[in-house]
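Engineer: Dumping the structure here so I can ask a few things about it.
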Amino acid sequence: MNEFMKLKKQQIMILAVVLVLVVSVVSVALLLNNENGEVPNGNGDVVESGEWIDLSDNIGAVASDGGNGVSDYIDVFFINDDEGWVVSSSAAEIYHTTDGGESWEAQTVQFTCGAICMINENEGYAGGLSGFIFKTTDGGTNWNLIGAASNVVTDLDFPTSTQGYACTDRGAVFGIIDEEITNLDSGSAARLAGITAPSIDHVWICGSGTIKFYNGSAWEWQSGPVGSYNAIFFLNNNEGWVVGNSGLIGVTDDGGAVWNSPSVVVTSESLFDVFFIDSKQGWVVGSSGAIAQTTDGGETWTSHRTQDTTSFFTSVYFPSSHFGYFCGNDGTLLKYVAEN
């Protein structure tokens with residue numbers, strides 16, 4: 001009996017050692033994956049981090065080109081890592097994906113759009129290049145006309161689920177509450193290119209050489225870096241960034257009372273959009289394939305060159321720190337898988 005018990009103990013000890021070795025091997029493999037920068041996508045798959053994925057053919061499979069031979073994508077918006085929408089100036093369509101850009105569907109809208117802002121998977125707004133504003137309550141299956149802004153709608157932002165703002169290329173700014181549109185009399189005749197509203201009483205617009213702030217009842221001018229502005233983004237009521245022609249970048253941490261420029265210019269290309277994930281991590285995009293990233297709030301920037309493209313990028317959106325989406329002309333749509 002004693003010999004039998006000893007044998008059993010030896011077998012148990014051997015099994016325990018084998019289990020420890022297996023667990024150790026798996027742990028090392030996982031650690032190596034993390035060190036290599038692999039991250040899970042929204043479908044639970046593992047993909048290489050720091051990787052650029054070209055989604056142009058995927059969306060191009062369903063996109064109409066309006067007879068121009070290729071689609072020009074103007075704006076992109078994602079509500080999570082997997083579900084997003086892209087608008088095009090080439091056709092009266094809005095493109096929708098639920099699997100991170102692997103496949104797309106074309107949604108019909110009355111006129112071509114240049115801006116989109118989704119509240120959730122069902123509700124959202126799109127601004128028409130013809131001046132019309134559309135709303136969906138079913139994820140884009142139907143886009144219904146709710147009003148006209150009289151001029152080209154260049155940007156939209158919604159700080160709450162029921163109240164948002166739109167700007168136009170003739171200086172007009174509109175407040176949107178559900179399906180009611182009101183002219184907020186911005187006092188500007190400049191071509192407005194961007195609007196950002198981290199809260200309902202903190203709204204900034206930019207365009208040409210203009211930056212203005214709206215507190216919910218009145219407008220005031222702000223003095224930014226000298227140049228022509230194309231996009232503006234505020235993370236909260238204090239921290240904001242503006243970009244424009246010839247590589248212009250402006251940074252503020254006091255709501256625009258003072259705007260500063262980075263000490264080093266990252267590019268001489270015109271920049272058309274800016275997006276920040278948090279106070280430190282941000283991205284800018286522009287002409288001739290210009291893409292740059294900051295990890296220190298905009299003081300320094302690192303240039304990304306993707307596939308030697310000469311397309312100009314018009315919009316960038318990061319639904320999380322893991323994934324980012326970039327769209328532009330020549331049917332260009334890219335996805336970035338961030339490093340851990």
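Engineer: Return yes when E51 is in contact with a helix residue (DSSP H, G or I) (Cβ under 7 Å, 6 or more places away or on another chain) and either more than 27 Å from S150 (Cβ to Cβ) or of a type in the set (V, I, T) (or both) and no when it is not.
Structural biologist: In short, no.
Engineer: Among (1) at pLDDT below 95; (2) touching a His at 6+ places or on another chain (Cβ under 9 Å), there is one condition A148 misses while meeting the rest; what is its number?
Structural biologist: If we test A148 against (1) at pLDDT below 95; (2) touching a His at 6+ places or on another chain (Cβ under 9 Å), just (2) comes out false.
Engineer: Scan segment 204-212 and tell me whether some residue there is buried (at least 18 other Cβ atoms within 10 Å of the Cβ) and either among the aromatic types (F, W, Y) or not assigned by TED's automatic domain parsing to the domain that holds E269 (or both).
Structural biologist: Looking through segment 204-212, at least one residue is buried (at least 18 other Cβ atoms within 10 Å of the Cβ) and either among the aromatic types (F, W, Y) or not assigned by TED's automatic domain parsing to the domain that holds E269 (or both).
Engineer: Considering only residues that are among the aliphatic types (A, V, I, L, M) and under 14 Å from F272 (Cβ atoms), which ones fall in segment 309-340?
Structural biologist: The one that is among the aliphatic types (A, V, I, L, M) and under 14 Å from F272 (Cβ atoms): V316.
Engineer: Then there's this: When you look at G124, is it in contact with an Asp or Glu (Cβ under 8 Å, 6 or more places away or on another chain), of a type in the set (G, A, S) and buried (at least 20 other Cβ atoms within 10 Å of the Cβ), yes or no?
Structural biologist: On the way: in contact with an Asp or Glu (Cβ under 8 Å, 6 or more places away or on another chain): no; of a type in the set (G, A, S): yes; buried (at least 20 other Cβ atoms within 10 Å of the Cβ): yes.
Spelling it out, it is not the case that G124 is in contact with an Asp or Glu (Cβ under 8 Å, 6 or more places away or on another chain), of a type in the set (G, A, S) and buried (at least 20 other Cβ atoms within 10 Å of the Cβ).
Engineer: A further question on this structure: With the checklist (1) surrounded by 23 or more Cβ atoms within 10 Å (Cβ to Cβ); (2) within 18 Å of the chain's Cα centre (by Cα); (3) in contact (Cβ under 8 Å) with a residue 60 or more places away in the chain in hand, flag the one item S71 doesn't pass.
Structural biologist: With (1) surrounded by 23 or more Cβ atoms within 10 Å (Cβ to Cβ); (2) within 18 Å of the chain's Cα centre (by Cα); (3) in contact (Cβ under 8 Å) with a residue 60 or more places away in the chain applied to S71, the lone miss is (2).
Engineer: For segment 159-184, which positions are over 20 Å from F234 (Cβ atoms), in contact (Cβ under 8 Å) with a residue 12 or more places away in the chain and surrounded by fewer than 18 Cβ atoms within 10 Å (Cβ to Cβ)?
Structural biologist: Residues satisfying the conditions are R170, I177, D178, E179, E180, I181.
Engineer: Does D308 meet the test of being at pLDDT 90 or above and over 16 Å from V243 (Cα atoms)? Lay out the reasoning, then the answer.
Structural biologist: Details: at pLDDT 90 or above: no; over 16 Å from V243 (Cα atoms): yes.
For D308, the condition - at pLDDT 90 or above and over 16 Å from V243 (Cα atoms) - is not met.
Engineer: Look through W143, W204, W219 and report the one residue that is within 14 Å of A115 (Cβ to Cβ), in contact with a Ser or Thr (Cβ under 7 Å, 6 or more places away or on another chain) and among the aromatic types (F, W, Y).
Structural biologist: Values: W204 fails: within 14 Å of A115 (Cβ to Cβ); W219 fails: within 14 Å of A115 (Cβ to Cβ).
Result: W143 is the single residue among W143, W204, W219 that is within 14 Å of A115 (Cβ to Cβ), in contact with a Ser or Thr (Cβ under 7 Å, 6 or more places away or on another chain) and among the aromatic types (F, W, Y).
Engineer: Surrounded by fewer than 23 Cβ atoms within 10 Å (Cβ to Cβ) and closer than 25 Å to P319 by Cβ, is that true of T295? Reasoning before the result, please.
Structural biologist: On the way: surrounded by fewer than 23 Cβ atoms within 10 Å (Cβ to Cβ): yes; closer than 25 Å to P319 by Cβ: yes.
Here the answer is yes, as T295 does meet what is asked.
Engineer: Go through segment 34-63 and give me each residue that's modelled with pLDDT under 85 and buried (at least 16 other Cβ atoms within 10 Å of the Cβ). Spell out the reasoning first.
Structural biologist: Initially, segment 34-63 is screened for residues modelled with pLDDT under 85, giving 34-50.
E38, V39, N41, G42, V47, S49 - these are the residues of segment 34-63 that are modelled with pLDDT under 85 and buried (at least 16 other Cβ atoms within 10 Å of the Cβ).
Engineer: Which one is farthest from S311 (Cα to Cα), of the residues in segment 242-289 that are touching a helix residue (DSSP H, G or I) at 6+ places or on another chain (Cβ under 8 Å) and of a type in the set (A, V, I, L, M)?
Structural biologist: Residue satisfying both the conditions and the ranking: V265.
Engineer: Within segment 128-135, is even one residue modelled with pLDDT under 95 and buried (at least 23 other Cβ atoms within 10 Å of the Cβ)?
Structural biologist: We begin by selecting, within segment 128-135, every residue modelled with pLDDT under 95; these are 128-131.
Filter again for buried (at least 23 other Cβ atoms within 10 Å of the Cβ), leaving 128.
Looking through segment 128-135, at least one residue is modelled with pLDDT under 95 and buried (at least 23 other Cβ atoms within 10 Å of the Cβ).
Engineer: Kindly provide the set of residues from segment 263-280 that are within 17 Å of F234 (Cα to Cα) and in contact with an Asp or Glu (Cβ under 8 Å, 6 or more places away or on another chain), ordered by number. Before you say what the answer is, go through the steps one by one.
Structural biologist: Here is the first cut: in segment 263-280, the ones within 17 Å of F234 (Cα to Cα) are 271-280.
Selection gives F276, S279, K280.
Engineer: Counting only residues that are surrounded by fewer than 21 Cβ atoms within 10 Å (Cβ to Cβ) and either more than 23 Å from W204 (Cβ to Cβ) or out of contact with any Ser or Thr (no Cβ under 8 Å at 6 or more places or on another chain) (or both), how many does segment 251-266 have?
Structural biologist: Residues flagged as surrounded by fewer than 21 Cβ atoms within 10 Å (Cβ to Cβ) and either more than 23 Å from W204 (Cβ to Cβ) or out of contact with any Ser or Thr (no Cβ under 8 Å at 6 or more places or on another chain) (or both) within segment 251-266 amount to 8.
Listed here are the residues, each with its yes/no results for (1) among the hydroxyl-bearing types (S, T, Y); (2) in a strand (DSSP E or B); (3) over 26 Å from A115 (Cα atoms).
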residue	(1), (2), (3)
G256	no, no, no
S268	yes, no, no
F275	no, yes, no
S279	yes, no, no
E299	no, no, yes
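Engineer: Which pairs have Cβ atoms under 6 Å, sit 6 or more apart or on different chains, and link a residue in segment 222-239 that is farther than 21 Å from I277 by Cβ and in contact (Cβ under 8 Å) with a residue 24 or more places away in the chain to one that is assigned to a loop (DSSP other than H, G, I, E, B) and hydroxyl-bearing (S, T, Y)?
Structural biologist: Once the first residue is farther than 21 Å from I277 by Cβ and in contact (Cβ under 8 Å) with a residue 24 or more places away in the chain and sits in segment 222-239, its partners that are assigned to a loop (DSSP other than H, G, I, E, B) and hydroxyl-bearing (S, T, Y) give P225/S261.
The values are calculated or read from the model by the stated rules, or taken from the named source; none is laboratory data. These numbers come from a predicted model, not from an experiment. As a convention, Cβ positions derive from the backbone with ideal geometry for all residues, glycine included, and neighbour counts pool all protein chains shown.
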